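Notes follow the structure.
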């Protein structure tokens, strides 16, 4: 197995993420800076995120026809917000599933010879659950995205996860692309 592959969902597809790209993959377009939630949110559950490409509303997918937008539309159906989808609620709320997912992720990364920290930090005891939730939600919404392919989650969904599994300091990493170091 290619050790550069995303540990849970290996793929042979080519790596296309490159540093400096500011295209939002979920909407397949460049997102302008957004200062206020009212600039973009129509589901009423969003918040401003670290970057413009993360500051997107789940309702914005209705104006896009890229494959990731189509996936999200199919899951949302007639609901006002993706955070109302029952499977999304189930994924985010089940701490045991998130913990087991994290443990499995650690195991798989070790099998691939990748370095991994298993520590749960006292300063942010829910970080592993947020990461597990984001990963599981991405897989639920889009299936396997392939080797080192990451897709932004709507702001409302990120806020939903953070509200359920908060960091007491309010500091969050935010979305980051996966890059191929061999390019």
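The values are calculated or read from the model by the stated rules, or taken from the named source; none is laboratory data. The model shown is predicted, which means the values in this text are computed figures rather than measured ones. Every residue, glycine among them, receives a Cβ derived from its backbone with ideal geometry; neighbour counts consider all protein chains shown.
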Item to complete: Please determine, by comparing only the residues of the range 76-92 that are farther than 17 Å from residue 45 by Cα and touching a residue at least 40 places away in the same chain (Cβ under 8 Å), which one is farthest from the chain's Cα centre (by Cα).
Response: 87
Item to complete: Residues being within 17 Å of residue 174 (Cβ to Cβ), in a strand (DSSP E or B) and out of contact with any helix residue (DSSP H, G or I) (no Cβ under 6 Å at 6 or more places or on another chain): count how many of those fall in the range 22-69.
Response: 1
Worksheet item: Looking at (1) at pLDDT 95 or above; (2) assigned to a loop (DSSP other than H, G, I, E, B); (3) in contact with a helix residue (DSSP H, G or I) (Cβ under 6 Å, 6 or more places away or on another chain), which is the one condition that is false for residue 79?
Response: (3)
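Suppose the filter is free of Cβ contacts under 8 Å to residues at least 60 places away in the same chain, surrounded by fewer than 17 Cβ atoms within 10 Å (Cβ to Cβ), closer than 12 Å to residue 133 by Cβ and within 18 Å of the chain's Cα centre (by Cα); does residue 99 pass it? Break it down into steps so the answer makes sense when it comes.
Details: free of Cβ contacts under 8 Å to residues at least 60 places away in the same chain: yes; surrounded by fewer than 17 Cβ atoms within 10 Å (Cβ to Cβ): yes; closer than 12 Å to residue 133 by Cβ: yes; within 18 Å of the chain's Cα centre (by Cα): yes.
For residue 99, the condition - free of Cβ contacts under 8 Å to residues at least 60 places away in the same chain, surrounded by fewer than 17 Cβ atoms within 10 Å (Cβ to Cβ), closer than 12 Å to residue 133 by Cβ and within 18 Å of the chain's Cα centre (by Cα) - is met.
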Response to the item:
Given (1) in a loop (DSSP other than H, G, I, E, B); (2) surrounded by 13 or more Cβ atoms within 10 Å (Cβ to Cβ); (3) at pLDDT below 95; (4) over 14 Å from the mean Cα position of the chain (by Cα), residue 172 misses just (4)
